[in-house]
Amino acid sequence: MQALQSKVQTSLRRLSAAAVIGSAMTGPLWAETLPVPIGWLKVEQPAPPVLSNLATKADDLGVAGARLGLADNATTGSFMGHDYKLTETLVPEGEDPLAAARAALADTPLLLIDAPADIIVQIADLPEARSAVLFNTARGEDRLRQQDCRANLLHTAPSDAMLSDALMQFISARRWSRLALIQGGHPGDAEFAAALDASATKFGQKIEARKTWEFDADMRRNASAEVPLFTQDLGEYDLLLLADTLDDFDRYIPYNTWLPRPTAGTEGIVATAWSPVVEQWGAAQLQGRFDELAGRDMQAQDYAAWAAVRSIGEAVTRSGVADPSALRDFLLSDDFELAGFKGRQQSFRDWDGQMRQPIPLVHDRAVVAQAPLEGFMHQQTELDTMGADRPETTCTAFAN
């Protein structure tokens, strides 16, 4: 009899365990669902005229990455009772972006923003955004992390300084000491050129010659004649840097210069948050999942939006709450890490809200290197050799 009772009890325990496993596989064990609404806001801007009609952008640039991040969050969230939803807001040219931001913030305090830098600052200063957590997923201007930083604004897009520092590490490692620069006339070109200048000084380099691109002729026909003459008076140099943030003229520079020299910056060797040619550390799987979702290659803005949504998901999973104040504290803490498919854990700097991350250096067909490069040391993490380190920051909003 005792043997029979023992067998019955063992069977009941096994059935109970199977029931628990089955419930975990089919639905959350929690009785209550934790809603995690996320917003994505893009402010459309008129496209400046450029020399080539090849410079096009995908209609779903950025938001496609957010959608993939949402799908990734749901994989874990479905077992934990977390309900992630994404609301997409597109502000057409000429409409009020602040009104749209207020409406988006009324639905969620977690908002991804793709907008010009000035508008991002205005959104961050809205009373409705005071207790929100905003993510800059598209803009690299250093002032957003410096004098115009805001305590409620985090950045998954790398700063211009991070990109230029990564590039200068590579240049220093190659011992290319004589540098020249061509920059465009757009304000963004001037800002990126300033970042290149600052990075050159930081890593013991000097840009010895420079010119501003002023042509408006059809370079598709004239590049082979005009570019050699334009670059002839730059003198001797090892590398030609290009600052063309609109992708206007830089495509016509390689192989047309007076001296046969490599190019870098916005054409040639490019420092970027992400590229379709990144393959290591599981990146090929991320690229494949993105292609299945969007039907195209993953770009840097897609990656920044994906990283923002995944950061929210990781913080909610680890902290068990969706309160924006608690999530911000966790995101800025030493406990937060994001596996970003670039070989190292990524985290946010608690002095300016910037996500520290490796920076691939790529050309159209392959990764050339990944920064931080070996030999560039830091007392905390080599990732902080790129961009504004704690002693260098002018941001006071974070009080760290």
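In whole percent, and with a 1.4 Å probe on the protein chains, what portion of the accessible area of the chain is carbon and sulfur?
Values: 9540 of 18900 Å².
The value for the chain is 50 percent carbon and sulfur by accessible area.
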Among A166, G140, L154, the residue whose Cα sits farthest towards the positive end of the charge dipole of segment 83-212, when +1 is placed on the Cβ of each Lys and Arg and -1 on the Cβ of each Asp and Glu, is A166
For Cα Rg over 2.2 N^0.38 Å, which listed value, (i) 1.00; (ii) 0.95; (iii) 1.13, comes from the coordinates shown?
-> (iii)
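Evaluate the relative contact order of segment 158-244 (contact order divided by residue number), counting alpha-carbon pairs under 8 angstrom at least 6 apart; express in whole percent. Each step should come with its number before you reach the end.
On the way: 105 pairs, mean separation 38.2, N = 87.
44 percent.
Run the dipole for the chain about the Cα centre, Lys and Arg Cβ at +1, Asp and Glu Cβ at -1, nothing else charged, and hand back the magnitude in debye, nearest 20.
Rounded to the nearest 20 debye, it is 1500 debye.
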Leading residue at positive end of dipole, the chain (Cβ point charges), from I359, L181, T396 = I359
Report, to the nearest 10°, how far helix 300-319 tilts away from the longest principal axis of the Cα atoms in the chain, using its own Cα long axis and a range of 0 to 90°.
-> 30
From the residues P324, T231, M298, which one has its Cα farthest along the dipole of segment 224-328 in the positive direction, the dipole being from +1 and -1 charges on Cβ of Lys/Arg and Asp/Glu about the Cα centre?
-> P324
Restricting segment 43-122 to GluC sites (Glu not before Pro) in coil, as DSSP defines it, with at most 12 other Cβ within 10 Å | E93, E95
If contacts are Cα pairs under 8 angstrom and at least 6 residues apart, what is the relative contact order of the chain in percent?
-> 19
Which angle between 0 and 90 degrees, to the nearest 10, do you get for helix 283-294 versus the longest principal axis of the chain when only C-alpha atoms count?
-> 80
Could you please state, rounded to a whole Å, how far the C-alpha centre of segment 58-127 is from the C-alpha centre of segment 318-355?
-> 18
Give, rounded to the nearest 20 debye, the magnitude of the charge dipole that segment 53-129 has about its Cα centre when Lys and Arg contribute +1 at Cβ and Asp and Glu contribute -1 at Cβ.
-> 260
Name the residue, out of R174, R139, R150, whose mean-square fluctuation peaks in a Gaussian network model built on the chain with Cα pairs under 10 Å.
-> R174
Treat each spin label as a single point 7 Å out from the Cα along the C-beta direction, and report the Y255 to T87 distance in nm.
-> 5.0
Evaluate E = 1/(1 + (r/R0)^6) for E32 and R102, where r is the Cβ-Cβ distance and R0 equals 35 Å; express this FRET efficiency to the nearest 0.05.
-> 0.75
Go ahead and estimate [θ] at 222 nm for the chain from helices alone: -39,500 (n - 2.57) per DSSP H run with n ≥ 4, summed, over the residue count, rounded to 500.
-> -12000 deg cm²/dmol
Check: segment 141-272 dipole with +1 on Lys, Arg Cβ and -1 on Asp, Glu Cβ, in debye | 500
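The values are calculated or read from the model by the stated rules, or taken from the named source; none is laboratory data. Everything numeric in this text was worked out from a predicted model, so none of it was measured. Heads up, the Cβs are rebuilt from the backbone with ideal geometry, glycines too, and the neighbour counts pull from every protein chain shown. Each accessible area value is taken on the protein alone, full model and side chains, heavy atoms only, with ligands, DNA and RNA left out. Shrake-Rupley method; radii C 1.70, N 1.55, O 1.52, S 1.80 Å.
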